[in-house]
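A.B. asks: Sharing a structure below in structure tokens format, with a few things to ask.
The values are calculated or read from the model by the stated rules, or taken from the named source; none is laboratory data. If you're wondering where the values come from, they're calculated on a predicted model, not measured in any experiment. Using ideal geometry, Cβ is built from the backbone for each residue, glycine included, and neighbour counts are taken over all protein chains shown.
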Amino acid sequence: MKARKQVGTRSTASKKPGRAGSPSRPPSTLNPQLSTFRSLVSHWAQRIRVKPRQVRLQAMRRKWASCSTAGTVSFSLDLLAQPAPFREYVIVHELLHLKVPNHGRLFKALLRAYLPNCKSTHPEPTPLGMRSPSRTL
């Protein structure tokens, strides 16, 4: 008779510090700007009535943000250095993708409804945050 392998007895000593599951500080406590940004995302998510599965801030080379079909909304760290109206536009834009996956009429109508004072449908970022001329939302 074969011995059964025990399940769930994995040691936590092999985990590297700073990785998921470790007792290190969460990223939002490292920088007050991150905390403010995350609270703004949370505010807009409640207002739009969406629940992203995960909100990530990460280095991105060609985009300001992205939204996955699994509900993960990722934002570029460079977005923190942009003007507040542009940051807000990008946040609303990506959260709306949790409701409407494309850029059709409904998406644009909702974007205008949530951001009526937006002078154009796509406010310009400051040039300092741009690393590549092909950077898009």
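A.B. asks: Considering segment 65-85 alone, what residues qualify as being within 16 Å of His43 (Cα to Cα) and more than 12 Å from the chain's Cα centre (by Cα)?
C.D. replies: Scanning segment 65-85 gives Ala84, Pro85.
A.B. asks: Given (1) within 16 Å of Leu34 (Cβ to Cβ); (2) of a type outside the set (D, E, K, R); (3) at pLDDT 95 or above, where does Leu79 come up short, assuming only one miss?
C.D. replies: Going through the list (1) within 16 Å of Leu34 (Cβ to Cβ); (2) of a type outside the set (D, E, K, R); (3) at pLDDT 95 or above, Leu79 breaks only (3).
A.B. asks: Separate question: Among the listed residues Ala20, Ala59, Ala13, Ala3, which satisfies the condition of being of a type in the set (A, V, I, L, M, F, W, C) and modelled with pLDDT of 90 or more?
C.D. replies: Going through Ala20, Ala59, Ala13, Ala3 in turn, the sole match is Ala59.
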